[in-house]
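Here's the structure, in structure tokens; my notes come after.
The values are calculated or read from the model by the stated rules, or taken from the named source; none is laboratory data. Predicted model, so just to flag it, every value in this text is computed and none were measured. Cβ sites come from the backbone with ideal geometry, for glycine too, and all protein chains shown count toward neighbours. Surface accessibility is based on the protein's heavy atoms, side chains included, excluding ligands, DNA and RNA. Shrake-Rupley method; radii C 1.70, N 1.55, O 1.52, S 1.80 Å.
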Amino acid sequence: TMAHSKALLVLENFIGGKFVPSSSYIDSYDPSTGDVYCRVPDSGKEEVEAAVKAAKDAFPIWSSKSPLERSQILNKLADLIEHDLEAFARAESKDQGKTITFARTVDIPRAVYNFRFFASSILHHTTECAEMATMGCVHYTSRAPVGVAGLISPWNLPLYLLTWKIAPAIACGNTVVAKPSEMTSVTAWMMCKLLEKAGLPHGVVNVVFGTGAKAGEALVCHPDVPLISFTGSTLTAQRITEKSAPHCKRLSLELGGKNPAIVFDDADLTQCIPTTLRSSFANQGEICLCTSRIFVQRGIYSEFLKRFVAEAKKWKVGNPSDPTVNMGALISKEHLEKVRSYVKKAQAEGARVLCGEGVDSLALPTGNQKGYFMLPTVIVEVKDESCCMQEEIFGPVTCVVAFDTEEEVIQRANSVKYGLAATVWSSNVGRVHRVAQRLQSGLVWTNCWLVRDLNLPFGGMKASGIGREGAKDSYEFFTEVKTITIKH
């Protein structure tokens, strides 16, 4: 009906400081109801061309500002987002399916902090100098922004991961063309409304909405975009690498994980169980850092399993705006089917599902019957070679298996193509260090999960990506270094 279409939220691209209507649109769904609630521009080459031109035009003005001037503008933007925190949290929850609680306590505060963090860190970088007295020479380095940065962010932590790219890019003096996921574009569009008020010159931040195949590809292939930062799947990253190779682009790729949790028999289960539930099921398991392979030493395997499953069954799944709910809806119908198919494959291979999908019934409120919900699911008796133990599922599914020795578990933990994050649970400090050293993983948490200091490098090994992000690492990625030699 006409009345229905009027109620839809319609987004517009943000190019050169103005909102630009689109000629064609993509439907975006509310995952908790299964209804279309938003229309997102279906941008392509022309829109990307316009955005890159606007970014190029803005580059001389923005790059010539001092770090302090840019810092003040980033802080102002952080204040403006924080002022609207509740509206942003509601929008993120509705658009992504995550609980309002998670959006309110994790996503939006972290997006605000991303701007504050880089507003601060940009003031504290120093360059290097080396004297060569015998030659009468002094060498020093200088760093300059690269140019137009292409930023492509995913649907699981929409504003959080978009700002984790925009903040360092513009702090360093680059201008940007960003492409959020077409499934979760609303908070990026809301942020665009605040840019001018924060004092950002027109064209410094441009946002083009659309699919990876059209808008993403146009951005990656554009000859005037020397740098691409991407968070998403390994498959898409391979395509980005191929497409950007002819242009010798600089790439930062933060990809998937198949993250192990290793629980030794001296682990403190009162800490380990609640944290491992979070690391398995937080944000519906849709975080690249979630643990999906839990290795438990045989001596405590049955006790761990009993307690873990009992607690998993207490998790409440339902309407994301209900503050008592632990887990919301998965991002899309297709994604829900994909996650469910992994559970079916495991069962077909002879594994057992102890709770969740296909075992327990899910009671949903009336308005959420058609939403993309799934219970926290625990699988046992699954072989290391199984696709459930090898491939990233990216949903509320975790596999629990037993191990005997430290040596054995290190080999098994490393036997996947990914290497993003790992967690180790033990009260033996020597063991913790030994195991952490040998895990092929960019991040190792021991006796905790997702405790982050943004100063430190973040990123993965193997198929989990290329490059690192953090105060120093992002600065190095988003600037070009020059060595200058002066003979006196």
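In the range 81-103, what residues are part of a helix (DSSP H, G or I), open to solvent by 20 Å² or more (accessible area, probe 1.4 Å) and either hydrophobic (A, V, I, L, M, F, W, C) or touching a residue at least 24 places away in the same chain (Cβ under 8 Å) (or both)? The answer is GLU82, LEU85, ALA87, ARG90, LYS94, THR101, PHE102. State which residue is surrounded by the fewest Cβ atoms within 10 Å (Cβ to Cβ) when the search covers only the range 30-66 and only residues that are in contact with a strand residue (DSSP E or B) (Cβ under 9 Å, 6 or more places away or on another chain) and of a type in the set (S, T, N, Q). The qualifying residue surrounded by the fewest Cβ atoms within 10 Å (Cβ to Cβ) is SER63.
Taking every residue in the range 400-429 that is open to solvent by 20 Å² or more (accessible area, probe 1.4 Å) and pairing it with any residue that is among the polar types (S, T, N, Q) and modelled with pLDDT of 95 or more, at least 6 positions away or on another chain, the pairs with Cβ-Cβ distances below 6 Å are ASN414/GLN440; TYR418/SER464. Within the range 105-113, can one find any residue that is over 17 Å from the mean Cα position of the chain (by Cα) and either hydrophobic (A, V, I, L, M, F, W, C) or in a helix (DSSP H, G or I) (or both)? Looking through the range 105-113, none of the residues is over 17 Å from the mean Cα position of the chain (by Cα) and either hydrophobic (A, V, I, L, M, F, W, C) or in a helix (DSSP H, G or I) (or both). Residues that are within 28 Å of the chain's Cα centre (by Cα), at least 2 per element: which strands (runs of 3 or more DSSP E) completely within the range 348-422 meet that? By residue number, 377-380, 397-403. Residues in the range 241-288 that are touching a residue at least 40 places away in the same chain (Cβ under 8 Å) and assigned to a helix (DSSP H, G or I): 13 in all. Within the range 436-467, how many residues are outside any strand (DSSP E or B) and either within 25 Å of SER280 (Cβ to Cβ) or without any contact (Cβ under 8 Å) to a residue 12 or more places away in the chain (or both)? Total meeting the criteria: 21. Candidates in the range 202-238 are the residues that are surrounded by fewer than 16 Cβ atoms within 10 Å (Cβ to Cβ) and not polar (S, T, N, Q); of these, the one that is farthest from ASN75 (Cα to Cα) is LEU235. Here is a list: THR105, THR126, THR163. Which entry is among the polar types (S, T, N, Q) and touching a helix residue (DSSP H, G or I) at 6+ places or on another chain (Cβ under 7 Å)? The unique qualifying residue is THR163. The single residue among LYS370, LYS316, LYS338 that is in contact (Cβ under 8 Å) with a residue 60 or more places away in the chain, of a type in the set (D, E, K, R) and under 28 Å from SER28 (Cβ atoms) turns out to be LYS370. Set side by side, the residues LYS18, LYS53 differ, and just one is among the basic types (Lys, Arg), under 16 Å from CYS192 (Cα atoms) and over 26 Å from the mean Cα position of the chain (by Cα), which is LYS18. Evaluation of SER361 against the conditions (1) farther than 21 Å from ASN259 by Cβ; (2) in contact (Cβ under 8 Å) with a residue 12 or more places away in the chain shows that the sole unmet condition is (2).
Among the residues of the range 469-488, those that are open to solvent by 70 Å² or more (accessible area, probe 1.4 Å) and touching a strand residue (DSSP E or B) at 6+ places or on another chain (Cβ under 9 Å) comprise GLU476, GLU480, VAL481, LYS482, THR483, THR485, ILE486, LYS487, HIS488.
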